[in-house]
Structure formats: C-alpha cells, structure tokens
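Enquirer: There's a structure below that I have some questions on.
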Amino acid sequence: MLVTAGQDALFGLEDNSRVRVQVNVPQTYAAQTIPGVGVSINVPEATTPGAQSTVTRIAASVDAASRTMLAEIELENSAHRWQPGSYVQVTLTMPQDGTAWTIPTNTVSMRVEGPHVAVVNEQSQVELKRVRLGRDLGVRVVVLEGVAGDERLIVNPGDDLTSGIRVQISQPRQSPTEFAQEPGRPGADAGVN
C-alpha cells in the first residue's frame with residue numbers, strides 16, 4: 001500500500017519484553033512512595049505466584065481531582081507473563097517510621113483545639129490528651145501521635161468532660177475494644193502498560 005504524508009499508520013509494533021505497571025498511590029502514602037520502594041504485583045485471576053519489584057518512577061505531585069500520585073514499576077516480561085492493558089493488584093511495602101495505633105472512633109472527642117482522647121490514669125482521674133489522627137477506617141481511626149497503646153480510653157467522652165475529674169471504672173458488659181496496630185502495607189489496583 002502506498003503511504004503518503006498525513007495518512008493513518010498501517011500497523012503498530014509493540015515490544016512486550018518489558019512492561020510498565022502504573023499505580024495511583026493514595027495521598028496518605030504519596031510522601032513515603034519513592035523510587036526503590038518494594039512492591040508485590042499479582043494478577044487476581046492468575047494461578048502463578050506474583051512478582052516482586054520496586055517503584056521505578058513517581059510523578060512527584062498529587063493529582064488534585066483524585067488525590068493520588070502516579071507511580072510506575074517496570075517489569076521484565078520476556079516470558080510474556082504480563083499482558084498490556086490488564087489489571088493487577090499492587091501491594092506497596094512502606095517503611096515504618098514509627099508505630100501507629102488504631103482506636104475506636106467513638107473514643108475521639110473533637111474540640112476547638114483539635115482531636116482529643118479522654119484517658120483514665122492510675123489515680124482514676126481523667127486526662128485529656130491531644131492526638132494527631134491519620135486515616136479514618138470507619139469504626140476505627142489511626143492515631144499517629146498522642147497515645148502509647150496502653151491507655152484506658154473513655155468511650156463517648158462528653159464535651160463537659162475535663163482533666164482532673166475522678167471517675168469510677170465499671171467492668172465492660174462485652175469484650176473491651178483494644179488498641180490495634182496499623183499494618184504498613186497499603187494496596188491499590190493498577191494497570192499494566
């Protein structure tokens with residue numbers, strides 16, 4: 001066929017020996033996602049085990065519409081294991097810079113100074129502690145600063161509750177809600193290009 005200027009291409013060529021996985025990293029983890037961060041990549045329908053790799057490139061900015069940052073992972077694909085256009089599950093291995101705890105959301109009191117929790121100390125007195133919150137997980141919330149994990153928290157603290165008030169602790173009618181450590185392995189769905 002005669003090819004002239006301005007005409008559509010007759011055919012396209014693809015080199016599938018290397019593929020790029022593009023993943024939209026939630027804003028919560030964008031600052032921790034840098035080139036070299038470890039990832040695990042799985043195709044949900046596949047019977048073969050997933051691949052281990054590292055983040056190759058990042059966009060270094062968060063998209064204002066989706067509140068995510070684009071990251072790319074390059075994979076060797078000489079065996080044609082990965083098909084372009086397919087969806088994969090990516091698990092990022094985030095470095096832990098400290099321990100984060102989750103607590104029930106009904107223990108957090110929103111005040112003018114910011115979020116607080118009411119703690120009962122060894123003398124059975126209330127102490128209001130300011131906390132810095134992380135992700136909201138529904139019935140639980142991640143606390144980044146302000147608790148050590150061994151405190152006794154007051155459920156549904158009222159606005160009139162102040163530090164120094166003496167309280168009497170009653171035994172719970174059901175199993176107590178305890179602290180839980182926040183896992184450091186966020187996941188996301190991604191596309192292969």
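Enquirer: Scan the range 92-124 for residues that are within 30 Å of D15 (Cα to Cα) and surrounded by fewer than 17 Cβ atoms within 10 Å (Cβ to Cβ) and jot them down.
Expert: T93
Enquirer: Suppose the filter is outside the structural domain of L144 (by TED's automatic domain parsing), more than 20 Å from R135 (Cα to Cα), surrounded by 12 or more Cβ atoms within 10 Å (Cβ to Cβ) and not hydrophobic (A, V, I, L, M, F, W, C); does P49 pass it?
Expert: Answer is no for this residue.
Enquirer: Something else about it: Is it the case that G158 is in a loop (DSSP other than H, G, I, E, B) and not assigned by TED's automatic domain parsing to the domain that holds A30?
Expert: yes
Enquirer: Restricting attention to the range 94-115, report how many residues are at pLDDT 85 or above and not in a strand (DSSP E or B).
Expert: Adding up the residues that qualify gives 5.
Enquirer: Any idea which of P183, P157 is out of contact with any Asp or Glu (no Cβ under 9 Å at 6 or more places or on another chain) and at pLDDT below 85?
Expert: P183
Enquirer: Same structure again: Report, ordered by the first and then the second residue, all pairs with beta carbons closer than 7 Å, sequence separation of six or more or different chains, a first member in the range 35-48 that is free of Cβ contacts under 8 Å to residues at least 40 places away in the same chain, and a second member that is of a type in the set (K, R).
Expert: Within 7 Å, the pairs are P35/R57.
Enquirer: Moving to a separate point now. Quick one: E74 ticks every box in (1) more than 30 Å from I154 (Cβ to Cβ); (2) outside any strand (DSSP E or B); (3) out of contact with any helix residue (DSSP H, G or I) (no Cβ under 6 Å at 6 or more places or on another chain); (4) touching a residue at least 12 places away in the same chain (Cβ under 8 Å) except a single one, so which number is it?
Expert: (2)
Enquirer: I'd like to know if the range 59-67 contains one or more residues that are assigned to a strand (DSSP E or B) and either more than 17 Å from the chain's Cα centre (by Cα) or aliphatic (A, V, I, L, M) (or both).
Expert: No, the range 59-67 contains no residue that is assigned to a strand (DSSP E or B) and either more than 17 Å from the chain's Cα centre (by Cα) or aliphatic (A, V, I, L, M) (or both).
Enquirer: Would the range 25-43 turn up any residue that is over 18 Å from P84 (Cβ atoms), over 23 Å from the mean Cα position of the chain (by Cα) and exposed (fewer than 13 other Cβ atoms within 10 Å of the Cβ)?
Expert: no
Enquirer: Now, a different point. Of the residues V147, V142, which is in a loop (DSSP other than H, G, I, E, B), surrounded by 13 or more Cβ atoms within 10 Å (Cβ to Cβ) and hydrophobic (A, V, I, L, M, F, W, C)?
Expert: Every option except V147 fails the conditions.
Enquirer: Only one of these is β-branched (V, I, T) and without any contact (Cβ under 8 Å) to a residue 40 or more places away in the chain: T91, T105, T68. Name it. Lay out the reasoning, then the answer.
Expert: Working: T91 fails: without any contact (Cβ under 8 Å) to a residue 40 or more places away in the chain; T68 fails: without any contact (Cβ under 8 Å) to a residue 40 or more places away in the chain.
So the residue among T91, T105, T68 that is β-branched (V, I, T) and without any contact (Cβ under 8 Å) to a residue 40 or more places away in the chain is T105.
Enquirer: Sticking with this structure for a sec: Within the bounds of the range 53-73, is there any residue that is modelled with pLDDT under 90, of a type outside the set (S, T, N, Q) and not assigned by TED's automatic domain parsing to the domain that holds G164?
Expert: yes
Enquirer: What number of residues within the range 126-169 satisfy the criterion of being of a type in the set (G, A, S) and touching a residue at least 60 places away in the same chain (Cβ under 8 Å)?
Expert: Residues in the range 126-169 being of a type in the set (G, A, S) and touching a residue at least 60 places away in the same chain (Cβ under 8 Å): 1 in total.
The values are calculated or read from the model by the stated rules, or taken from the named source; none is laboratory data. What you see is a predicted model; the values in this text were computed from it and never measured. So basically every Cβ, Gly included, is an ideal-geometry build from the backbone, and we count neighbours across all protein chains shown.
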